[in-house]
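Below: one structure, written as structure tokens.
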Amino acid sequence: MRAFIEYFAAIGRTVVTLGDGLAVTGSYFLRRPVTLQYPDRTEKPMVALLPERSRGMLEVDLDRCPGCTACETACPIGCIRIEVSKGKPRLITRFDIDLGRCMNCGLCSEPCPTECLKHTKEFEGGMYKPDLLLIHFVEQPVPVAPVKKGEPGPPPKPLGSILRRLLTDPYGRKRPAPAPAPAAAASAPAPPVAVAAPQPVSASTPPVSATPSAAPPSTPATSGGPS
Amino acid sequence: MQLLAERIATWLGMEGLPRQAVVAGVVLVVALVVATVVLTIAGILTWAERRVAGRTQSRVGPNRVGPLGFLQWVADGIKLITKEDVIPAAADRTLFRLAPYPVIVGIFAAFASVPFGQKLIAADLNVGVLYLMAITSLVVVGVLMAGWASNNKWALLGGVRSAAQIVSYEVPSVLAALSVVLLAGTLSLQGIIGKQGGWPWEWYLFYNPFTFVAFFLFFTSAVAEGNRTPFDLPEAESELVAGYNVEYSGMRFAGFFLGEFANVYLLSAIATALFFGGWQIPGVTPDMQAASPVWQAVGVGLFALKAGTGAFVVLWLRWTMPRLRVDQLMGLCYRYLLPLSFAMLLGNAAYVWLVPQWAAWVVQGATTTVGLAVAGVFVRRVFYHIRHVGDDVSLDLARGESGTFDPQLQVRVYGAFRRRHAGDSAS
Ligand code: SF4
Ligand code: SF4
């Protein structure tokens, strides 16, 4: 008798749980999908949808950078390379960030005294060659900015405008300037230089490029390497 | 068929042709028409499956090719046709090449006697139900051939499992269908539909409690026979990679694939004919329908609607249920479905024999009420679950296509999930 009851109880359980399971999936069927159709059917540009403090690719605003090299020291994997010339005026002759190796940890932007090294929200950096992600922020040597810690300095540029100008398309060509971005057009300090070609700064320094067999490049004399 | 052939021959002014040639020609044309229709249905179902899967999982599903991604199945078909047809080196080449054909033939030939409409049926056999059950068993031959010829352990296991499963589930599905045959007194599908009516309480589904249960037995066994989840052991990805068709590619794979989806529609169509009144329109007698082409069209549409709903339920089940284990599968068949379907058959026989007409009316009404009440409870449960996760309901399939992004919605969904299961661990 007990087996008999258990037999029908099993059938009952099956029917009830199956029905409830169908009701659960049915309720999801009726609900609006939560899919975000990146890249081409988002209601706003993707950058606008990212969270407030998302850490994307780095950019540096050289108009505000005093060349303290704190970021270079802080980076645990040594993907920032800065060269500052001696003499007067001191010039930043090189400021390279290898975004291909950067892990967006944020350790470099934290010690930056003038907040000129920042994470943008840009993240679309797919390139056919890894070196294309080695961004040379110095196009022509610029004097170090006379900004001290705590001072306001020149006004910050719109986030991402500098990086967007320097980042190439996947083939290494310059991207067309985004027309409907009035803020980006306002600040274009340096004349445009072809960014794809690596800039030989000095013969003794190997470029910080992501060549396949890349051991961390030997520390050049001009700057303190990662300790 | 012969009469029809003669009529067509006369109409074409070709009385002189040998009769066999005309018959062959007509058969060829009918076969091509049926095959085209079935391929289209199967193709559309592959798209529907992916859309249903998407919505069930809060995704969108394919939506880039054509409106709502509807042309996706055409694109997939073209892709499969142009793919290379790889035959493994160690395979039994002849068997390997032959294997898809029994599957396709078994399922496509079954469509010949599916009553899409009162007049829209390729061949109204007087043994329709028997024919359907017999011809669909051809599938197992193809599956077993594919499993054996691939010379692959997964394929072989899948084929063997499939054979065991189809043969086992054939029995309860036939017995459940027999309940209806017993009531209708005919094996012809048109005859069975003719005995039912348009209104729900005139369907065999609600005829008496025995047929009500028999329908679910039939549906379960038919789903199992079609190797659909939760009974898709022959192609269990997690254990058998893809089962019997693991070595197939290109058009031969498409044969298996379309066969599976055509089978989904086929089982819904048979269930519609046996239990849901087929092409009968509420308030329209078969005679009225025979007289008017408009009612004919409505009947065909109604049949398609009912069968489509059935197919939707099969797809829905797939995204609800986890897969059974092999022993559970056989246990379900032999411990539950088989005895129950026997009981329903005997119950129906006793019902026909013992219950007088007036009592039958009462029983019919009561069964209908109970059935609709069950459906009502189910709908209430659906809305209960919707309320629990926030009520962002959209019946519009196109909504959400634009990629609206609402982080709050995800927070709500997750919060509701946590709230609901917060008590689970405590209690
Ligand atoms: S984010 Fe991290 S890895 Fe990238 S440059 Fe800064 S410190 Fe180096
Ligand atoms: S830490 Fe900031 S200020 Fe110092 S070198 Fe780096 S970017 Fe310039």
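Things worth noting here:
- Scaled to the globular estimate 2.2 N^0.38 Å, the Cα spread of chain B, given as radius of gyration, is 1.07.
- Peptide B:56-62 is shielded by partner chain Cβ atoms: per residue, an average of 5 of them sit within 10 Å of its Cβ.
- Normalised per residue, the accessible area of region A:1-159 is 53 Å², obtained with a 1.4 Å probe and no contribution from ligands, DNA or RNA.
- Inter-probe distance in nm under a simple model that places probes 7 Å from Cα toward Cβ, at A:K88 and B:Q20: 11.4
- Sites A:E52 and B:V370, calculated FRET efficiency, Cβ-Cβ separation with R0 60 Å, nearest 0.05: 0.60
- Between B and A, accessible area buried - total, square angstrom, nearest 100, 1.4 angstrom probe: 3500
- Shielding of A:14-22 by partner chains, average beta-carbon count, 10 Å: 4
- Distance from the alpha carbon centroid of region B:138-217 to that of region B:87-123 works out to 17 angstrom.
- Whole-number percent relative contact order across chain B, with pairs defined as alpha carbons under 8 Å at least 6 apart: 19
- When peptides A:21-30, A:142-151 are sorted by average Cβ neighbour count within 10 Å, with the highest value leading, the order is A:21-30, A:142-151.
- ³J(HN,Hα), Karplus 6.51/-1.76/1.60, whole Hz, each residue of region B:50-67, x for Gly, Pro: 6, 5, 4, 4, x, 4, 5, 9, 6, 10, 9, x, x, 8, 9, 9, x, x
- Taking a sphere under 15 Å around the Cβ of B:A290 and counting the other residues whose Cβ falls inside, with K and R at +1 and D and E at -1, yields a net charge of -1.
- Calculated FRET efficiency for the pair A:E151/B:K83, C-beta based, R₀ 51 Å, to 0.05: 0.20
- Euclidean distance between Cα centres, region B:361-389 to region B:292-330, Å: 19
- Compared with the direct C-alpha span, the chain from B:T94 to B:V171 gains 24.6 nm at full extension, assuming 0.36 nm per residue.
- Sequence ranges B:220-233, A:114-127, ranked by mean other-Cβ count within 10 angstrom, highest first: B:220-233, A:114-127
- Rounded percent of accessible protein surface that carbon and sulfur make up, region B:83-354, 1.4 Å probe: 72
- Accessible surface of region A:11-124 [probe 1.4 Å, protein heavy atoms]: carbon and sulfur percent: 58
- Per residue solvent-accessible surface (Å²) - region B:83-354, probe of 1.4 Å: 39
- Amide H within-cut-off set for A:L58, under 5 Å, with H built and near neighbours excluded: A:T120
- 12 Å beta-carbon shell around B:L189, net charge (K/R +1, D/E -1): 0
- Amide hydrogen neighbours beyond the local backbone of B:R323, cut-off 5 Å, H modeled: none
- Residue mean of other protein chain beta carbons inside 10 Å, B:316-324: 3
- Protection-proxy order for peptides B:57-63, B:274-280, A:95-101, B:175-181, each taking the mean of Cβ atoms within 10 Å per residue, highest first: B:274-280, B:175-181, A:95-101, B:57-63
- Residues listed by number, region B:108-130, amide nitrogen under 19 Å from B:V294 label point at 7 Å toward C-beta: B:118-119
- Of the residues B:F218, B:F212, A:F4, ranked by 1.4 Å probe accessible area with the largest first, the sequence reads A:F4, B:F212, B:F218.
The values are calculated or read from the model by the stated rules, or taken from the named source; none is laboratory data. Remember, it's a predicted structure, so these values are computed and weren't measured experimentally. We place every Cβ from the backbone using ideal geometry, glycine too, and count neighbours over all the protein chains shown. The protein model used for the area step is the full one, side chains on, heavy atoms only, and it has no ligands, DNA or RNA in it. Shrake-Rupley method; radii C 1.70, N 1.55, O 1.52, S 1.80 Å.
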